[in-house]
Amino acid sequence: MPNNPSYIGHRERIREKFAAAGLDSFLDHEALELLLTYAVPRKDTKPIAWALLKKFGSLAAVLDAAPDQLSQIDGVGPGTAQFLKLIRAVFKKYSLSEVKERVTIRTPQQVLEYCNASLCGKQEECLEVIYLSVRNTVMGTETIASGLIDRVAVSPRKIVECALAAKAPAIILVHNHPSGDSTPSQEDIELTREVLRAAELFGISVHDHIIIGKGAHYSLKANGKI
């Protein structure tokens with residue numbers, strides 16, 4: 001009988017390594033190889049993992065990439081691209097669940113894990129609203145807009161209407177800067193202040209506006225901008 005391809009043994013070894021010690025000892029390419037073994041049958045996943053990392057630069061960037069970008073890599077078909085996007089989506093959902101399980105949210109740091117999981121690495125600007133109860137527990141989140149975030153694209157009225165529909169007495173605004181710089185623009189500050197004024201008319205508190213950059217964040221409240 002013919003010998004099994006060498007990658008068969010490699011697949012088993014990296015799966016056994018994960019089963020024994022988790023991902024802590026894995027390098028990025030090994031973690032990606034392991035993921036790909038569940039989406040790419042009958043192929044050596046090592047060259048695919050290296051090609052993905054070479055193109056996108058990091059494991060996080062691979063998971064943040066759009067399906068059409070992923071599919072440009074030899075060996076990554078639509079199904080594999082969809083699988084990688086699923087991993088990213090599950091991570092976001094898990095992070096949100098962690099936030100929801102907290103008793104209260106009192107500081108930007110307590111929602112930062114969710115904010116990073118949700119928005120860090122996105123290639124277009126997105127604005128999300130986190131809805132809070134009277135006890136500051138997370139009721140849910142909603143993406144209000146994506147693309148160009150300004151007072152034209154997102155009106156304070158729309159944000160307040162969404163908060164009212166969610167029956168949320170308090171909100172936190174969160175958006176990302178794909179450039180990587182988390183410093184708010186004057187437009188960001190003015191939009192936030194307009195939302196504050198509009199929300200106040202309906203008894204809705206705006207606890208903060210957090211901007212996510214690359215490896216950094218900016219809290220308008222903590223920096224005295226609101």
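The values are calculated or read from the model by the stated rules, or taken from the named source; none is laboratory data. Everything numeric here is computed off the predicted structure, so don't read it as measured data. No Cβ is skipped: glycine too gets one built from the backbone with ideal geometry, and neighbour counts run over all protein chains shown. The protein model used for the area step is the full one, side chains on, heavy atoms only, and it has no ligands, DNA or RNA in it. Shrake-Rupley method; radii C 1.70, N 1.55, O 1.52, S 1.80 Å.
Among the listed options [x] 1.01; [y] 0.96; [z] 1.07, the one matching Rg/Rh (Cα atoms, Kirkwood Rh) as calculated from these coordinates is [z]. Mind pulling the angle between the C-alpha long axis of helix 109-119 and the longest principal axis of the chain? Nearest 10 degrees, somewhere in 0 to 90. So the inclination is approximately 60 degrees. Residue pairs exceeding 26 angstrom between C-alpha atoms, taken from 43/92; 158/221; 55/85; 85/158; 122/221: 43/92; 85/158.
Ranked from largest to smallest solvent-accessible area, with a 1.4 Å probe on the protein heavy atoms, 24, 64, 44, 208 come out as 24, 44, 64, 208.
Residue-wise HN-Hα couplings along the range 73-81, as the Karplus relation 6.51 cos²θ - 1.76 cosθ + 1.60 with θ = phi - 60° gives them from phi, are 7, 4, x, 9, x, x, x, 5, 4 Hz; Gly and Pro carry x.
Using the 1.4 Å probe convention, the accessible area of the chain works out to 55 Å² per residue with neighbouring protein chains retained.
Among the trypsin sites (Lys or Arg not before Pro) within the range 33-82, which fall in a DSSP loop and have no more than 10 other Cβ atoms within 10 Å of their own Cβ? Can you show the working numbers first?
Working: sites: 42, 43, 54, 55; in loops: 42, 43.
Loop-located and lightly packed - 42.
Rounding to the nearest 20 debye, state how big the charge dipole of the chain is about its Cα centre with +1 on each Lys and Arg Cβ and -1 on each Asp and Glu Cβ.
Values: 27 positive and 26 negative charges, 89 e Å.
Taking the Cα centre of the chain as origin, the dipole is about 420 debye.
In whole percent, how big is the carbon plus sulfur part of the accessible area of the chain, probe 1.4 Å, protein atoms only? Roughly 54 percent of what the probe reaches on the chain is carbon or sulfur.
For residue 93, the aspartates and glutamates whose Cα falls under 16 Å of its own Cα, not counting residues fewer than eight places away in the same chain, are 64, 101, 113, 128, 142. Just to confirm my numbers, what's the Cα centroid distance between the range 22-63 and the range 125-200 in Å? When both Cα centres are located, 35 Å separates them.
In terms of solvent-accessible area of protein heavy atoms at a 1.4 angstrom probe, what is the ranking of 218, 38, highest value first?
On the way: 218 40, 38 140 Å².
Putting 218, 38 in descending order of accessible area: 38, 218.
What 222 nm value per residue comes from the helices of the chain, counting each DSSP H run with n ≥ 4 as -39,500 (n - 2.57) and dividing by all residues, nearest 500 deg cm²/dmol? So the calculated ellipticity at 222 nm is -15000 deg cm²/dmol.
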